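> Below is a structure I'd like to ask you about.
The values are calculated or read from the model by the stated rules, or taken from the named source; none is laboratory data. Please read all numbers here as calculations on a predicted model, not as lab measurements. All Cβ positions, even for glycine, are placed from backbone atoms using ideal geometry, and neighbour counts span all protein chains on display. Note: areas computed on protein heavy atoms with side chains; ligands, DNA, RNA excluded. Shrake-Rupley method; radii C 1.70, N 1.55, O 1.52, S 1.80 Å.
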Amino acid sequence: QCLLSGSWRSDTGGRMVVSILNKDGRFSGSYLPGSVASNSEIPTSPLHGSQQDAGLFPQPTFSFTVRWRSETAQMTAFLGQCYVGTNGEETLHTLWLLREAAESPAEDWKATR
């Protein structure tokens, strides 16, 4: 069974801490991207999300958003699945989208990465 709560590190050095999941699968926590993980002056950013019931789905899907604490208006959405390998190790596979605020509808095309 894959449990999302706890501490995670990404391939790029980012750190994510997920609180205990509520009974309905909701969770919150914090995220610090790998590009700034070594800088202790950068604050972590809050995250909020939900996961499928791990009792029903041993390798559940999940989603969460991160509201960045930065000078620019940015949010990131993550969507993924938690896998348990044959050795019992849990791994998260995700797809993410970063959205920055656009100055106008004409600039909308370059606001999502």
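> Can you name the condition, by its number, that V17 falls short on among (1) modelled with pLDDT under 90; (2) open to solvent by 40 Å² or more (accessible area, probe 1.4 Å)?
Result: V17 passes all but (1).
> A further question follows. What number of residues in the stretch 51-75 are under 16 Å from V18 (Cα atoms) and polar (S, T, N, Q)?
5
> Something else now. Of everything in the stretch 91-106, what is open to solvent by 60 Å² or more (accessible area, probe 1.4 Å) and either assigned to a helix (DSSP H, G or I) or touching a Gly at 6+ places or on another chain (Cβ under 9 Å) (or both)? Give them in sequence order.
Result: H93, T94, L95, W96, P105, A106.
> Can you tell me which residues in the stretch 20-34 are outside any strand (DSSP E or B), more than 12 Å from the chain's Cα centre (by Cα) and touching a residue at least 12 places away in the same chain (Cβ under 8 Å)?
Result: I20, L21, D24, G25, G34.
> So in the stretch 62-87, with the set limited to residues that are modelled with pLDDT of 90 or more and among the small types (G, A, S), which one is least open to solvent (accessible area, probe 1.4 Å)?
G80
> Out of L47, L56, I need the residue that is among the hydrophobic types (A, V, I, L, M, F, W, C) and either at pLDDT below 85 or in a loop (DSSP other than H, G, I, E, B) (or both). Which one?
L56
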